[in-house]
Amino acid sequence: MRRLTDTEKHWVEDTLKKIEKKMVPVTERNRDKIPYTTKNGRFDDKSIDDPCWWTNGFWGGEMWQLYALTGKEMFRQEAIGVEEKLDKNLMSHQGLDHDNGFKWLPTSVIRYKQEKNEESFNRAMLAAGNMAGRFNMAGNFIRAWNNWDDVDRRGFAIIDCMMNLPLLYWASEETTDPRFKMMAIAHADTAAKEFVREDGSVNHIVVFDPFTGKSTGTLGGQGYGEGSSWTRGQSWGIYGFALSYGYTGDKKYLETSKKIADYVLAAMPESFLVPIDYRQPKDVTLEDSTAAAITASGLIELAAGLEKENLVGADRYLDAAFKLLKTLDEKRCSWGLDTDNLLENCAVDYHGDGHNMSIIYGDYYFIEALMKLAGKALQIF
Ligand code: GLY
């Protein structure tokens with residue numbers, strides 16, 4: 001990554017200091033929890049009411065990044081606590097799905113990378129094996145979700161899954177068995193062909209015939225509608241393809257990430273406050289700060305890949321990442337010590353009622369992006 005200017009460097013350092021100042025008391029008063037969102041400013045606890053929820057790895061990842069930032073043992077202990085609580089999920093077939101990467105990359109894999117403990121390795125390999133078992137050989141895609149009774153969903157695949165592929169890349173690196181990586185590459189190739197439209201916008205859901213593997217249609221999923229441009233899906237695409245480039249060295253994935261990023265930068269509102277869907281009606285003001293944070297972290301990954309390949313244009317993506325993060329800092333962060341969350345105005349989807357809330361992965365990717373800019377990030381994805 002290019003050298004940051006002094007102003008950029010100071011802003012990154014100051015923002016990370018603000019994060020540390022807030023997250024020490026927040027973590028102290030939320031020990032032993034797995035937060036997802038806040039009620040009246042205080043974290044809930046998914047370890048009690050939904051131990052298999054797809055976001056349950058992010059608090060662990062946040063704790064690891066904060067441990068890397070501060071060296072404070074409390075953060076490491078909480079991260080390990082999350083990993084142990086996920087064992088309940090590992091023993092639940094119904095609770096395992098394409099999102100295994102979101103749960104075990106920020107917990108077991110990152111702990112194993114640092115501490116080489118056998119338990120973490122075992123957990124992560126079980127999660128990777130289960131994810132590999134979801135691969136559809138006719139269509140070369142990893143099945144999304146379970147919903148076993150709904151036969152129409154047997155051929156569902158989603159753009160979000162690009163972010164889970166690093167679990168398979170990691171499993172091949174660790175075992176030297178290429179099968180996991182082969183499946184990840186096959187899924188990434190299918191996604192590049194079937195999810196990414198000519199203009200760089202992406203589908204959330206592509207439906208395949210589970211027997212022939214032919215794509216039979218697309219669905220709007222969590223976005224505004226079919227043919228729309230769900231902003232978090234766009235961010236998963238930018239980041240996910242940049243990651244597949246990182247794990248394979250194949251420049252075509254970098255090109256795909258760039259194509260999605262170019263669309264996003266052209267669609268970005270002047271305010272850099274990210275809507276829920278880049279194609280939502282003009283008079284709708286709904287926002288999603290999670291998409292802003294994930295886009296920023298994905299753009300940093302893309303910029304790093306372009307620089308590694310000595311390709312031009314990295315600065316444009318890095319500048320956009322800074323703008324997104326600064327906008328979040330100045331306009332969409334709850335910096336007071338009396339609230340548990342960082343980001344505000346996050347959204348689950350367009351049509352549901354999960355709007356204007358805090359969501360844990362928004363906070364995670366905001367911190368991760370800043371840590372990358374500071375050169376201190378743990379590579380979790
Ligand atoms: N992976 C589901 C979501 O982004 O909401």
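Taken together, the values in this text are just the output of simple stated rules run on the coordinates, not laboratory data. All values derive from a computational prediction rather than experimental measurement. Cβ sites come from the backbone with ideal geometry, for glycine too, and all protein chains shown count toward neighbours.
Within the listed set LYS72, LYS181, LYS259, the Gaussian network model of the chain (springs between alpha-carbon atoms below 10 Å) gives the highest mean-square fluctuation for LYS72. Note on the stretch 80-158: with charges restricted to the Cβ of Lys and Arg (+1) and Asp and Glu (-1), its dipole about the Cα centre is near 180 debye.
With an 8 Å cut-off on Cα pairs and a minimum separation of 6 or more residues, tell me the relative contact order of the stretch 153-241 in percent. Walk me through the numbers before you get to the answer.
Details: 129 pairs, mean separation 28.9, N = 89.
Result for the stretch 153-241 is 32 percent.
Need one word for the stretch 304-376: rounded, prolate or oblate. Basis is the Cα gyration tensor (sqrt eigenvalues a ≥ b ≥ c); a/c below 1.5 gives rounded, then a/b vs b/c decides. Prolate is the answer for the stretch 304-376, as a/c is 1.5 or above and a/b outweighs b/c.
Label the chain by shape, choosing from rounded, prolate and oblate, from the square roots a ≥ b ≥ c of the eigenvalues of the Cα gyration tensor; if a/c is under 1.5 it is rounded, and otherwise prolate applies when a/b is larger than b/c, oblate when it is not. The shape class here is rounded.
Across the chain, the relative contact order, built from alpha-carbon pairs under 8 Å that are at least six residues apart, equals 18 percent.
What pairs in LYS9/LYS323; LYS252/LYS308; LYS103/LYS372 have C-alpha atoms more than 18 Å from each other? Before the final figure, lay out each step's value.
Details: LYS9/LYS323 14 Å; LYS252/LYS308 14 Å; LYS103/LYS372 21 Å.
The pairs that break the limit, which is 18 Å between Cα atoms, are LYS103/LYS372.
Here the chain is treated with +1 on each Lys and Arg Cβ and -1 on each Asp and Glu Cβ, and its dipole about the Cα centre works out to around 600 debye. With a threshold of 30 Å on the Cα-Cα distance, the over-threshold entries among LYS258/LYS331; LYS18/LYS282; LYS21/LYS46; LYS18/LYS113; LYS17/LYS88 are LYS18/LYS282; LYS17/LYS88. Each of GLY139, ALA79, ILE158 was scored by the projection of its Cα onto the charge dipole of the stretch 79-165, and the greatest displacement toward the positive side belongs to GLY139; charges sit on the C-beta of Lys, Arg, Asp and Glu. Based on Cα contacts under 8 Å between residues 6+ apart, the stretch 75-202 shows a relative contact order of 23 percent.
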